[in-house]
Amino acid sequence: MGVNNSSPSGIDGNDDLLRYRSEFPILADNTYLISNSLGAMPREVHAALQGYADTWGSRGVRAWEERWWMLANEVGNEIGGLMGAPTGSVSCHQNVTTCQAVVASCLDFSGRRNKIVYDDLNFPSVMYFWEAQQALGARVHMVPTDDGIHVHTERLLDAIDEETLLVPISHVIFRSAYIQDAAAIIEKAHRVGALVVLDMFHSVGAMPVDVTALDTDFACGGVLKWLCGGPGTGFLYVRPDVAARLKPRLTGWIGHEQPFAFEIGPTRYTNSSYRFMNGTQNIAALEAARPGLKIIREVGVERIRAKSKRQTARIIELASRRGWKINTPVDPEKRAGTVSIDMPNSQGVARELIQRNILVDWRPRAGVRMAPHFYNSDEELESAFVAVDEILRAQAVAR
Ligand SMILES: Cc1ncc(COP(=O)(O)O)c(C=O)c1O
């Protein structure tokens, strides 16, 4: 263990995962509690991006056939391995919003079955996208939350009916870290003939998930948070039997059975994951994504989840002891990796914490969000709360 791993309080004495801290340079001088927003960058990303430049620089156009053309397939399979997806069922895209657009482009809104059902705790970009599809005939039905933390599952299930085409929902709610009852929602959707897109941004890499067991039709997410893969790589899983019957309108030469034949006329879609892709990939982003995926695979999502449950419970305890409202489920089985805390002057406190290199974020109707990952020590949680106490005391004196 290096200096960086030490824990003066001895709380972390048995935490084997702290040995990965040295793989993440930012941890040396920051308390990094913001993996729900942007996971820490693995040191190896320097080499990965250097390798990208070297390949481009020395191999030039040959890089496509030697490495780049199949990169999205390889990265897709690496991500797929963390979510129980069969080989060849995950394609890479820039972000989740684009993934929704690819799904939408497979659908027809002109019939009676044109209802899009989700809850109002969905990620706003996803909601903005589906709102905009109303111009093409989609009918959005949004189910309200009562408390801003939980989704009202019964209400959502009742809203999914014979006219429902698609249910694009978050597996884990970004604002509260509430874990939706995805199995019940998928079961109801399938019973009435609807499809489900599960946004797994806050579950893949943070907890064990299995898209095959869940039987979801689509799943999407990105690598920049819990997978420590940086911006620019989103992913889309399509269940193989569903994929075979879909023809995305958001398509292009990468989705063609023979892209280099440059045929004229209707697309002959490939049966690989590239069926859902369209044009040239962001190779640098794919290269940057790999070191994080490798570490997450090595650490293992079971261990990540076990530690997360313990550390988020400790954050809840530290906040509750101070009398602050927790905007996150207290039941560990319903809670993923983030704790949202409504503390006094929470936006100002978040700003001050960041000034002190304690990285958290603040969101309206959530409060200060703290998101420990496998590389955080218990000590860091304690010292973050000591810092909040100091900030609040200083603010009280200044008043
Ligand atoms: C659940 C969820 N979906 C999607 C996104 C981001 O969407 P995009 O990848 O289109 O930027 C986020 C980002 O915070 C998120 O939390």
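The values are calculated or read from the model by the stated rules, or taken from the named source; none is laboratory data. What you see is a predicted model; the values in this text were computed from it and never measured. Backbone-built Cβ (ideal geometry, glycine too); neighbour counts: all protein chains shown.
Residues being away from the ligand (no atom under 15 Å from the Cβ) and in contact with a helix residue (DSSP H, G or I) (Cβ under 7 Å, 6 or more places away or on another chain): count how many of those fall in the stretch 197-215.
Initial filter on the stretch 197-215 (away from the ligand (no atom under 15 Å from the Cβ)): 208, 210-215.
Imposing the further condition that a residue be in contact with a helix residue (DSSP H, G or I) (Cβ under 7 Å, 6 or more places away or on another chain) reduces the set to 208, 214-215.
Total meeting the criteria: 3.
Restricting to the stretch 359-399, give me the number of residues that are without any contact (Cβ under 8 Å) to a residue 24 or more places away in the chain and either closer than 21 Å to Phe123 by Cα or part of a loop (DSSP other than H, G, I, E, B) (or both).
Selection size over the stretch 359-399: 3.
Yes or no, residue by residue, for (1) within 16 Å of the ligand (Cβ to nearest atom); (2) in contact (Cβ under 8 Å) with a residue 60 or more places away in the chain; (3) in contact with a Leu (Cβ under 6 Å, 6 or more places away or on another chain); (4) not charged (D, E, K, R):
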position	(1), (2), (3), (4)
Thr98	yes, yes, no, yes
Val103	yes, yes, no, yes
Asp108	no, no, no, no
Gly111	no, no, no, yes
Val117	no, yes, no, yes
Asp120	yes, no, no, no
Phe123	yes, yes, no, yes
Met127	yes, no, no, yes
Gln134	no, no, no, yes
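Checking Asn282 against (1) modelled with pLDDT under 95; (2) within 16 Å of the ligand (Cβ to nearest atom); (3) not β-branched (Val, Ile, Thr), only one condition comes out false. Which one?
Unmet for Asn282, out of (1) modelled with pLDDT under 95; (2) within 16 Å of the ligand (Cβ to nearest atom); (3) not β-branched (Val, Ile, Thr): (1).
Taking only pairs six or more apart or across chains, which ones have beta-carbon atoms under 8 Å, a first residue in the stretch 59-84 that is at positive phi, and a second residue that is outside any helix (DSSP H, G or I)?
Final answer for the pair search is Gly84/Val209; Gly84/Asp210.
Which of the residues belonging to the stretch 161-178 are buried (at least 23 other Cβ atoms within 10 Å of the Cβ) and among the β-branched types (Val, Ile, Thr)?
Within the stretch 161-178, Val167, Ile169, Val172, Ile173 meet the criteria.
Inspect all residues belonging to the stretch 175-189 and state whether any of them is within 25 Å of Thr212 (Cβ to Cβ), part of a helix (DSSP H, G or I) and among the acidic types (Asp, Glu).
yes
Looking at the stretch 290-315 only, could you name the residues that are crowded, with 20+ Cβ neighbours inside 10 Å and over 15 Å from Val204 (Cβ atoms)?
Selection gives Arg290, Pro291, Lys307, Gln311, Thr312, Ile315.
Given the structure, is Leu198 out of contact with any strand residue (DSSP E or B) (no Cβ under 6 Å at 6 or more places or on another chain), buried (at least 19 other Cβ atoms within 10 Å of the Cβ) and outside any helix (DSSP H, G or I)?
no
When the stretch 215-238 is examined, which residues are found to be of a type in the set (Ser, Thr, Tyr) and over 17 Å from Thr97 (Cβ atoms)?
Thr216
(1) free of Cβ contacts under 8 Å to residues at least 40 places away in the same chain; (2) more than 16 Å from the ligand (Cβ to nearest atom); (3) touching a strand residue (DSSP E or B) at 6+ places or on another chain (Cβ under 9 Å): which one isn't true of Arg239, the others all being true?
(1)
If a residue has to be part of a helix (DSSP H, G or I) and within 13 Å of Leu71 (Cβ to Cβ) to count, how many in the stretch 267-288 make the cut?
8
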